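What follows draws every value from the coordinates through simple rules; no lab data is involved. Quick caveat, the model's predicted, so the values are computed rather than measured. Note that each Cβ is placed from the backbone with ideal geometry, even for glycine, and that neighbours are counted across all protein chains shown.
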Amino acid sequence: MAQLERIEPIREQAEAEPAAGSGQQTFADGDISAAYEATAGGLLRAGPPESGDGLRTEELLLNVGPQHPSTHGVFRVIVKLDGEVIREAIPVMGYLHRGTEKLAENLNYTQIIPYTDRMDYVSAMTNNYVLVNAVEKMLQLEIPERAQFLRLIVMELQRIASHMVWWGTYLLDIGAMSPFLFAFRDREIIINLFNELCGARLTYNYMRVGGVKWDAPPGWIDKVREFIPYMRKKLDEYNNLVSGNEIFLARIQGIGKYDAQTAISYGLSGANLRCTGVSWDLRKDQPYCIYDRFEFDVPVGKNGDCYDRYLLRLEEMRQSLRILEQAVAQFPDGGDIMGKAPRVIRPPEGEAYAAIESPRGEIGCYIISRGKQEPFRLKFRRPSFVNLQILPKLLVGETMTNLITILGGIDIVVGEVDA
Amino acid sequence: MMHFLEQPFGWSNFFVFLLLGIVMLLIVLGFVTYAIYFERKVIGWMQFRIGPNRTGPLGLLQSVADVTKLLIKEDTIPRKAERQLFILAPVITFIPSFAAIAVLPFASNLFFADLDVGILYYVALSGISTIGIVLGGWASNNKYALLGGMRSAAQMISYEVPLVISVVGIVMMTGTLNLRLIVEGQAGGFWHWNFIPQIIGFVVFVIAGISELNRTPFDLPEAESELVAGYHVEYSGFRFAFFMLAEYVYVFAIASLTTVLFLGGWQSPLPVLDFIPGIILVPAQIFVHRLFLLLAARDAAAHPDRPAHGSRLAGAAAARDRQHFRQRDFNGIGGWGRMKGIMKGLGVTFKAMTAKKVTYAYPDVPLEMPDRFRGIQHFEPDKCIVCNMCAKICPTECITLTGKPNPDPEKKGKVIDTYDINFEICILCDLCTEVCPTEAIVMTNNFELSTYSRDELFKDMKWLTDNNENVRKENNSAAPKGGAKANA
Ligand code: SF4
Ligand code: SF4
């Protein structure tokens, strides 16, 4: 909890003088735009700007999405444009809502696992883990060593794969086409590793309450071992390809900036929080699985802009490689992959919350059990959803071009936003 | 040519020019076709792909197929669009692009017009195309198109000026606006070519030229990731083809113009090479230049492009937004010292061109999946004991099964009667095979399940039984070991 203390003072400060977005206000008839007006501190609806030359100007209401190439799925932002400048932005979500949480109330715990795959489909392994972890907490299960290692390895591989998808698509949004294919070529290696391990390329359904479904096939660990130096080299290549590009820098440096206080009051997590200089990574600060046995750093940024978030994610991939390196070196030779889990999973009456660091931030799973096979209530804290809330605030006063830069920088997966 | 031009206008030279015009159109069309093909191939190579390879040998007919497709596609005009303008816009864009080619001299005796204001003619005509783009954007009655059109106008204002100014040096040196005379002034080896004394003009011209072409990184009017497709978002079929055609004709024209203005036109680079007829030299030069345009502009910079400062420059022209553009952003371009990062990126892409291609030749070469791959299920009726476990565990409830009493009166229990899986909703989660106590339902490695109707996705027992190739060897590996009782 040492890390927690570090951000505690900031938190107190944030409470003492609430940032623009955190004021408690009630709105009579749920008038969305009134709410936005107040929450973004009167920045919105500044009215048509005065133009010196006496031209009459009008604002343009533009629907970005739900079918738009850069909203990463079916996500929609209503923007009010003044020329190319955004005066107001209202995100509209829910196009991909599948009612995961409600569905889960009628499913037993094993059946919920495939549903978690489909929330953040770019990082299915961590979703699997957060659910089984919450259930295991309730059952107080002992997880065999080998299963722990397998879980950790797949989660870190997944983090790399997920950041690669982000890297590729982000640059695609900004207008670069090649990085996308660079990233997907290398991601393919991870996907193939997963395919060999659990027979699926995207929705793995790999973890089970008490362990994992499949043991590593022969030679699999060696393939992971070979992948590490390969990926290190590729990360350098990525850096050469993009990170120094002046056009790219001009587009993302200083864009979408916010400070630590704002980030905390909006409840951001993951790279979106760390880019402001707050060191908060659940792998370090509330270790789960067996993360406390490995050495790795939590990179933090200091400017809180899109460029910092970009660098952080690249660095996180490097740190994941470091964890992987240690994990494959210590990988136990034998042992069970399933703990002594009951055949029929009926957690005792009670509640549990498990939170882990997904590639996008803190993903949490809150379960209320009434002692049945199905949860009484299941709630996911979905980082994409929480992180997205800062979008309207960031967009005000930016150009259309920056809308894409900022939205991409937040790194949302619409499946997770809408669940 | 000169001799035809000097004749009084009559039928004979009209036909000659008509004929030559048609030939030129065909040449340009051929150029466009293969420029697109070439571009796609090179982009492919840079990205470990092989590019077009299906239509014709080496995919050589790909662009032909694309154009044919565009021509026979349904032509849609949005109901709320400004109909006449909508139809007119692609024409206004295309005609000047083709007409501008008239002043380009291709050899000392091959040109279509010998205008003394050649450069001005070109610049004036190419400006008209922008009107077509703005019109198209406006007439579409689509906000994205409108923004794209406006950006195009802003961009033209920003870059047309440097484009023209960069040529002024040459005009002053040669004392003429006539393109043919400008080329003639560059005779006698490459050290007489204009790009040496006019190196700054040359660089500015190339950059502004790329911007004129709306190519990446200056593709603001299209801006696929933000404006979807910009001004031509509502266009389809051959109207869209006209916009594309105009764009590529301009690629051809700018490449030729650069050659003529700065790179000696048909003059051979070394006096000893004088024997090569200019008619070969010019296309060769255009080709080289085109290559440069392609590499430097499009794909090389297919690294982060469409610079914000580009957009801001463009916007800056739209005077109203002036206050939003910060000086810092203008520093983005300027000086090779500030291009180091881009050059580094370029290096990586060039290396990638020789790297191993990762394209799968999928339908021709079947994909090998690892043994554990979760494909379509195979069902073994004899093994099934009708325990209903699979139907119960299935999270999407896509299994329906019925049993019947065992026909053999000696034996107890039931045998399976019907067994259906609805592959419309099966998520291939593997849970049914995991719980089945007898491995009656197992997974295969087959994954091709496309049909023409949703009803066909409802597979019955016979189909599932017949789906018996590539059956997975290992099936329910991690059935919980039991032991600890649930909250006993
Ligand atoms: S694979 Fe999953 S969804 Fe498909 S039939 Fe089996 S249990 Fe149901
Ligand atoms: S679980 Fe297996 S044995 Fe039981 S009904 Fe299903 S297919 Fe038959």
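On average, how many beta carbons from a partner chain sit within 10 Å of the beta carbon of a residue in B:393-400? Mind showing how you got there, number by number?
Details: counts 4, 2, 12, 5, 2, 0, 0, 0.
Neighbouring Cβ atoms belonging to other protein chains average 3 per residue here.
Please give the average number of partner chain Cβ atoms lying within 10 Å of the Cβ of each residue in A:404-410, rounded to a whole number.
On the way: counts 5, 3, 0, 0, 1, 0, 0.
For this peptide, the per-residue mean of nearby foreign Cβ atoms is 1.
List, in order, the whole-Hz ³J(HN,Hα) value for each residue of the stretch B:445-458 obtained from phi through the Karplus relation with A = 6.51, B = -1.76, C = 1.60 and θ = phi - 60°; use x for Gly and Pro.
8, 7, 9, 8, 9, 7, 9, 8, 9, 5, 4, 5, 7, 8
Looking only at the stretch A:301-334, which residues have a backbone nitrogen under 12 Å from a spot 7 Å from the Cα of residue A:295 in the C-beta direction?
Taking a point 7 Å out along Cα→Cβ of residue A:295, the residues of the stretch A:301-334 whose backbone N falls under 12 Å are A:323, A:326.
For the stretch B:71-117, which trypsin sites (Lys or Arg not before Pro) are in a loop by DSSP, counting at most 15 other Cβ atoms within 10 Å? Intermediate results must be reported in sequence, preceding the final value.
Working: sites: B:73, B:79, B:80, B:83; in loops: B:73, B:79, B:80.
Loop-located and lightly packed - B:73, B:79, B:80.
Of the listed peptides A:292-300, B:147-155, A:321-329, what is their order by residue-averaged count of other C-beta atoms within 10 Å, with the highest listed first?
Numbers: A:292-300: 15.7, B:147-155: 25.8, A:321-329: 18.3.
For the peptides A:292-300, B:147-155, A:321-329, the packing ranking is B:147-155, A:321-329, A:292-300.
Which pairs, out of B:41/B:356; A:102/B:383; B:383/B:412, put more than 25 Å between their alpha-carbon atoms? Mind showing how you got there, number by number?
Details: B:41/B:356 15 Å; A:102/B:383 36 Å; B:383/B:412 14 Å.
As for pairs spanning more than 25 Å Cα to Cα, those are A:102/B:383.
Between the alpha-carbon centers of the stretch A:282-326 and the stretch A:342-419, tell me the distance in whole angstrom.
So the separation of the two Cα centres works out to 19 Å.
What full-extension length gain, to one decimal in nm, is calculated for residue B:439 and residue B:456 as 0.36 nm per residue of separation minus the Cα-Cα distance?
Taking 0.36 nm per residue and subtracting the Cα distance, the gain is 3.6 nm.
Show the residues, 5+ positions off or on another chain, whose built amide H is closer than 5 Å to the amide H of residue A:377.
A:368
Under the Karplus relation 6.51 cos²θ - 1.76 cosθ + 1.60, θ = phi - 60°, what is the ordered set of whole-Hz ³J(HN,Hα) values for the stretch A:410-419, x standing for Gly and Pro?
So the Karplus estimates, Gly and Pro as x, are 5, 6, 9, 10, 4, x, 7, 4, 8, 6 Hz.
Is it possible to state the helix-based mean residue ellipticity at 222 nm for chain A, with each DSSP H run of 4+ residues giving -39500 (n - 2.57), the sum divided by total residues, to the nearest 500 deg cm²/dmol? What is it?
Working: 17 runs with 195 residues, N = 419.
So the helix-based figure for chain A works out to -14500 deg cm²/dmol.
Helix A:124-139 sits at what angle to the longest principal axis of chain A, using alpha carbons and giving 0 to 90 degrees rounded to 10?
60 degrees
Quote the FRET efficiency, to the nearest 0.05, computed for residue B:364 versus residue B:55 with a Förster distance R0 of 22 Å and r equal to the Cβ-Cβ distance.
0.90
For residue B:85 and residue B:397, compute 0.36 nm times the residue count separating them, minus their Cα-Cα distance, and round to one decimal in nm. Please list the in-between numbers first.
On the way: separation 312, 0.36 × 312 = 112.32 nm, distance 5.47 nm.
Length gained, residue B:85 through residue B:397: 106.8 nm.
Residues of A:199-208, mean number of Cβ from any other protein chain within 10 Å of their own Cβ, rounded to a whole number? Walk me through the numbers on the way to the answer.
Details: counts 13, 8, 3, 0, 4, 3, 8, 2, 1, 4.
Shielding by partners across A:199-208 averages 5.
Please report how far the C-alpha centroid of the stretch A:133-147 lies from that of the stretch B:404-460, rounded to the nearest whole angstrom.
32 Å
Could you derive backbone 3J(HN,Hα) for the stretch A:374-389 from the dihedral phi with the Karplus parameters 6.51, -1.76 and 1.60 (θ = phi - 60°), listing whole Hz in sequence and x where the residue is Gly or Pro?
Working through the residues one at a time gives 9, x, 6, 8, 10, 9, 9, 8, 9, x, 4, 5, 5, 5, 5, 4 Hz.
Mind ranking B:363-371, A:265-273 by how tightly packed they are, going by the mean number of other C-beta atoms within 10 angstrom, highest first? Let's see the in-between values first.
Numbers: B:363-371: 11.7, A:265-273: 24.6.
Put in order of decreasing packing, that is A:265-273, B:363-371.
Could the peptides B:51-58, B:408-415, B:167-174 be put in order, highest first, of the mean number of other beta-carbon atoms found within 10 Å of their residues? Mind showing how you got there, number by number?
Numbers: B:51-58: 14.5, B:408-415: 10.0, B:167-174: 16.9.
Sorting B:51-58, B:408-415, B:167-174 by mean packing, highest first, produces B:167-174, B:51-58, B:408-415.
Non-local amide H neighbours of residue A:336 (under 5 Å, H modeled in plane, Pro and chain starts lacking H): which ones?
The list, which skips near neighbours in sequence, is A:146.
Skipping prolines and chain starts, which residues have an amide H placed within reach, meaning under 5 Å, of the one on residue A:81, given they are 5 or more residues away or on another chain?
It is A:60, A:61, A:62, A:87, by chain and number.
Place a point 7 Å from Cα of residue A:373 in the direction of its Cβ. Which residues in the stretch A:95-114 have their backbone N less than 20 Å from it?
A:101-114
Say R0 is 22 Å: what FRET efficiency, to the nearest 0.05, do residue B:9 and residue B:110 get from their beta-carbon distance? Walk me through the numbers before you get to the answer.
Details: r = 20 Å, r/R0 = 0.90.
Approximately 0.65, to the nearest 0.05.
Cut-off 10 angstrom, C-alpha nodes, Gaussian network model of chain A. Which of A:372, A:257, A:213 fluctuates the most?
Looking only at A:372, A:257, A:213, the biggest GNM fluctuation is shown by A:372.
Could you name the lysines whose alpha carbon sits less than 23 Å from that of residue B:80, not counting residues in the same chain fewer than 8 places away?
List returned: A:80, B:143.
Would you mind telling me which residue in A:182, A:75, A:380 has the biggest mean-square fluctuation in a Gaussian network model of chain A, where springs connect alpha carbons within a distance under 10 angstrom?
The residue with the greatest mean-square fluctuation here is A:182.
Which residue, B:149, B:162, B:96, has the largest displacement toward the positive end of the dipole of the stretch B:31-173 when charges sit on each Cβ (Lys, Arg +1; Asp, Glu -1)?
In the stretch B:31-173, that residue is B:149.
Enumerate the residues in the stretch B:447-461 having an amide nitrogen under 15 Å from the point lying 7 Å beyond the Cα of residue B:422 toward its Cβ.
Taking a point 7 Å out along Cα→Cβ of residue B:422, the residues of the stretch B:447-461 whose backbone N falls under 15 Å are B:454-460.
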